[in-house]
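Just so it is clear, none of the values below were taken in a lab; they were calculated from the coordinates. What you see is a predicted model, and the numbers here were worked out from it, not measured in a lab. Every residue, glycine as well, gets a Cβ built from its backbone with ideal geometry; the counts of neighbours run over all protein chains shown.
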Amino acid sequence: MSAKVAIVTGAASGIGLAIAQALAAEGHQVVLADINQEAGAREAQKLRGLFVQTDLSKRADCKRLVQAALDKYGRVDILVSNAGIQHVSPVEEFPEDKWDFMIALMLTAPFLLTRYCWPSMKQNGWGRIIHINSVHGLIASPFKSAYISAKHGVSGLTKTTALEGGPFGITVNSICPAYVRTPLVDGQIADQAKVHNLSPEQVIETIMLKNAAVKRLIEPSEIGDLVLYLCADKAACFTGSMLTMDCGWTAT
């Protein structure tokens with residue numbers, strides 16, 4: 001596959017950074033988006049990419065991100081929508097402003113970015129949109145109402161836009177991992193420990209890996225490898241798919 005222009009959100013650390021690194025290593029031009037100015041600029045410099053500080057909960061910032069990529073490179077070929085946060089709380093205690101923020105960040109932003117990238121991909125007759133979804137885009141767990149609602153919405157967005165993009169060479173897929181070894185998961189461990197009155201070790205063993213056939217956390221680089229495959233021409237028949245990467249969690 002010839003070099004493409006890729007936008008990766010939440011790219012200053014964790015899964016997003018691993019994806020940006022994988023794409024850059026294949027020769028693609030990467031636009032890194034993140035709220036963290038210092039880390040994002042540092043990682044973009046390492047990858048010889050473009051960093052755009054972006055608050056993805058804001059419509060104007062989503063549009064500005066895509067426009068920055070178009071202004072710099074003249075096209076967008078790949079969109080990897082990865083940015084997200086977690087909040088663990090019973091529904092009756094879930095802060096309403098936190099709900100609004102999480103839905104804006106993890107559902108509205110993927111829609112807006114898809115919408116803004118679509119004309120470039122359609123014009124060029126080729127596009128890859130990949131949402132870093134979650135196993136929680138397929139099933140539910142307690143105390144994560146906003147996160148799971150957003151991820152289920154992304155599953156619907158994936159299917160609908162895949163149907164619309166097919167005639168124009170645009171594929172849209174979701175990667176649905178279980179727990180990945182990232183700073184976000186470290187935060188989830190602490191939150192779950194508080195909610196369930198468990199130690200961090202007990203959270204990993206009795207909650208995170210309870211339903212997994214393979215008893216380990218997923219490495220961010222493994223997500224990057226799957227993104228590379230989905231971006232390849234040989235993956236052109238994959239679209240509208242929820243690709244589980246869950247160590248067997250949903251096999252039961």
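Computed values, structure above
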read-out	value
Whole-Hz couplings from phi, Karplus 6.51/-1.76/1.60, listed for region 211-218; x for Gly and Pro	9, 8, 6, 9, 8, 7, 6, 7
Environment charge of His152, counting only residues whose C-beta is closer than 12 Å and scoring Lys/Arg +1, Asp/Glu -1	+3
Amide H contacts under 5 Å for Met245, placed H, 5+ residues apart	Cys176, Ala178
All-pairs Cα distance distribution in region 91-181, expressed in whole percent, bin size 5 Å	3, 14, 22, 21, 16, 12, 7, 4, 1, 0
Cα-projected label distance for Phe94 with Arg48, points at 7 Å along beta-carbon direction, nm	4.5 nm
Percent of C-alpha pairs per 10 Å bin, region 42-152, short to long	13, 39, 30, 15, 2
For region 211-252, diffusion coefficient by Stokes-Einstein and Kirkwood Rh (Cα), 25 °C, 0.890 mPa s, µm²/s	209 µm²/s
The chain - charge dipole about Cα centre, Lys and Arg +1 at Cβ, Asp and Glu -1, debye rounded to 20	660 debye
Candidate aspartates and glutamates - alpha carbon under 20 Å from Lys122, same-chain residues fewer than 8 apart omitted	Asp71, Asp77, Glu164, Asp233
Isotropic mean projected area of the C-alpha convex hull, region 152-249 (nm²)	7.1 nm²
Contact order relative to length of the chain, as percent, for alpha carbon pairs under 8 angstrom and 6 or more apart	20 percent
Calculated P(r) tail over 34 Å for the chain, as whole % of Cα pairs	13 percent
Listed residue (Asn36, Ala68, Gly14) projecting farthest to the positive dipole end of region 10-89, Cβ model	Ala68
Amide H partners (placed H, <5 Å) of His87, local residues excluded	Tyr147
Cβ-defined net charge surrounding Leu198, 13 Å radius [Lys, Arg +1; Asp, Glu -1]	-1
Ellipsoid semi-axes in whole angstrom, largest first, where each is sqrt(5λ) of the Cα gyration tensor of region 1-96	26, 15, 12
Environment charge at Gly125 (Cβ cut-off 14 Å; Lys +1, Arg +1, Asp -1, Glu -1)	+2
Alpha-carbon centroid distance for the pair region 213-252 / region 133-206, whole angstrom	13 Å
Within region 105-252: Cβ-based charge dipole about Cα centre, in debye rounded to nearest 20 (Lys, Arg +1; Asp, Glu -1)	300 debye
Over 31 Å (Cα to Cα) - which of Lys151/Lys194; Lys4/Lys63; Lys4/Lys144; Lys159/Lys194; Lys63/Lys194 fall in this group	Lys4/Lys144; Lys159/Lys194; Lys63/Lys194
